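The block underneath contains the structure these notes are about, expressed in structure tokens.
The values are calculated or read from the model by the stated rules, or taken from the named source; none is laboratory data. The structure displayed is predicted, hence computed values, not measured ones. As a convention, Cβ positions derive from the backbone with ideal geometry for all residues, glycine included, and neighbour counts pool all protein chains shown. Areas reflect the complete protein model, heavy atoms only, side chains present, ligands, DNA and RNA absent. Shrake-Rupley method; radii C 1.70, N 1.55, O 1.52, S 1.80 Å.
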Amino acid sequence: MQKASIQEIQDLLINLPNEDIEIIHNVVKKLVLNKDKKNTYIHKILGMENEWRNDTLIMRMPITPLTHNTLGAVHGGIIATLLDTTMGTHANSSILPEQATVTVDLQIRYLKVANGKELICKSRIIQKGKNIVVTEGKVLKEDGKVCAIATGSFFIIPKK
């Protein structure tokens, strides 16, 4: 079965343009090289990297053709994913090990076109209650200009 799948993939790749093949190659490489079970496929495929500075979670994501919209800028849904991932990871870090959080609300304001080499998302916790964690996030271009801001609410649930 596995060989049939590999042959099927090869058949699909034969007629693709080089740019598409390069994107697929980079996605597969990220999945193979990043075997960290804690990270989601989205986290791995988009090349997100975490860094903690005091009470702030900083998540970096390279801008690649995979993240572009038809205008060549970063797709708004990718920015929303970066914000949700950063703020959700931050919310999860603030709760007990037997708990998890899920997104209840995500409110985003897009301020500038996101382009360049990477995006940097910074998150901080605004309020942590018994049932809800509220966070704030900012997405910056590498030149420090803010291109999006958001607030997010995350419901605390028991981990399965």
Against the condition under 21 Å from GLY152 (Cα atoms) and within 14 Å of the chain's Cα centre (by Cα), how does THR89 come out, does it pass?
yes
Evaluate the following for ASN50: is it at negative phi and assigned to a loop (DSSP other than H, G, I, E, B)?
no
Taking the options VAL133, VAL104, name whichever one is assigned to a strand (DSSP E or B) and either open to solvent by less than 70 Å² (accessible area, probe 1.4 Å) or among the aromatic types (Phe, Trp, Tyr) (or both).
VAL133
Could you say whether any residue in the range 30-39 is over 22 Å from PHE154 (Cβ atoms), in a strand (DSSP E or B) and without any contact (Cβ under 8 Å) to a residue 24 or more places away in the chain?
no
When you look at HIS75, is it open to solvent by 30 Å² or more (accessible area, probe 1.4 Å), free of Cβ contacts under 8 Å to residues at least 24 places away in the same chain and in contact with a helix residue (DSSP H, G or I) (Cβ under 7 Å, 6 or more places away or on another chain), yes or no?
yes
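Can you tell me which of ILE120, ILE149, ILE125 is free of Cβ contacts under 8 Å to residues at least 60 places away in the same chain, in a strand (DSSP E or B) and touching a strand residue (DSSP E or B) at 6+ places or on another chain (Cβ under 8 Å)? Working first, answer last.
Details: ILE120 fails: free of Cβ contacts under 8 Å to residues at least 60 places away in the same chain; ILE125 fails: free of Cβ contacts under 8 Å to residues at least 60 places away in the same chain.
One residue alone meets the criteria, ILE149.
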